[in-house]
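We did not get these values from a lab; they are worked out from the coordinates using the rules stated. It should be emphasised that the depicted structure is a prediction, and the values quoted were computed from it without experimental measurement. Cβ placement follows ideal geometry from the backbone for every residue including glycine, while neighbour counts extend to all protein chains displayed.
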Amino acid sequence: MRGRQIHLLAATLLFNLNLMAADPFEGTWKLNVGKSKLDPAREIATETMKIVKTGPDSFKTITDITTKSGQNRHQETDRILDGKEHSTVEQGASEIVERPSESTRKITGKRDGKKIGEILSTISPDGKIMINQRKTSTGEETLVFEKQ
């Protein structure tokens, strides 16, 4: 009987550890400006992004940007990863966050019901690089982030 209890306990612990396994997007990411193709109008000198899981299907993205002119920008965005449209803090804006695969997220931005942009984020197989392909009405960017 005691052996069965130990096996049950071990199985329960293993199951719980799998549930708590880190999401490959979680962590702190630093933009590699040299490897990225940036929109020159944004004038990014540095960018750091922290992604924190806040629930089973939700996460917070905390972004800190310093522009080439020395301006600092801080933004915190709560997102729900369920493929449904959710309002954002901006008036008339919403977004849809989907996960086509374990290593890919797609964020579609909308304003007043019309698509205004899309970000496709992909994590490298080794988990050390995140590439964000951004498409907006003004063009496209490729942002290469390295895990810190």
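Once the chain from ASP64 to LYS114 is taken as fully extended at 0.36 nm per residue, the excess over their C-alpha distance is 15.3 nm. Taken along the Cα-to-beta-carbon direction at a fixed 7 Å, the label points for ASP82 and ILE129 span 3.5 nm. Based on alpha carbons, the Rg and Dmax found for the chain are 18.6, 70 Å. Dividing the helix sum by the residues of the chain, where each DSSP H run of 4 or more adds -39500 (n - 2.57), gives a mean residue ellipticity at 222 nm of -4000 deg cm²/dmol. FRET efficiency for the pair ASP23 and ALA45, taken as 1/(1 + (r/R0)^6) with r the Cβ-Cβ distance and R0 = 30 Å, rounds to 0.60. Angle of helix 2-19 to the longest C-alpha principal axis of the chain, folded into 0 to 90 degrees and rounded to 10: 0°.
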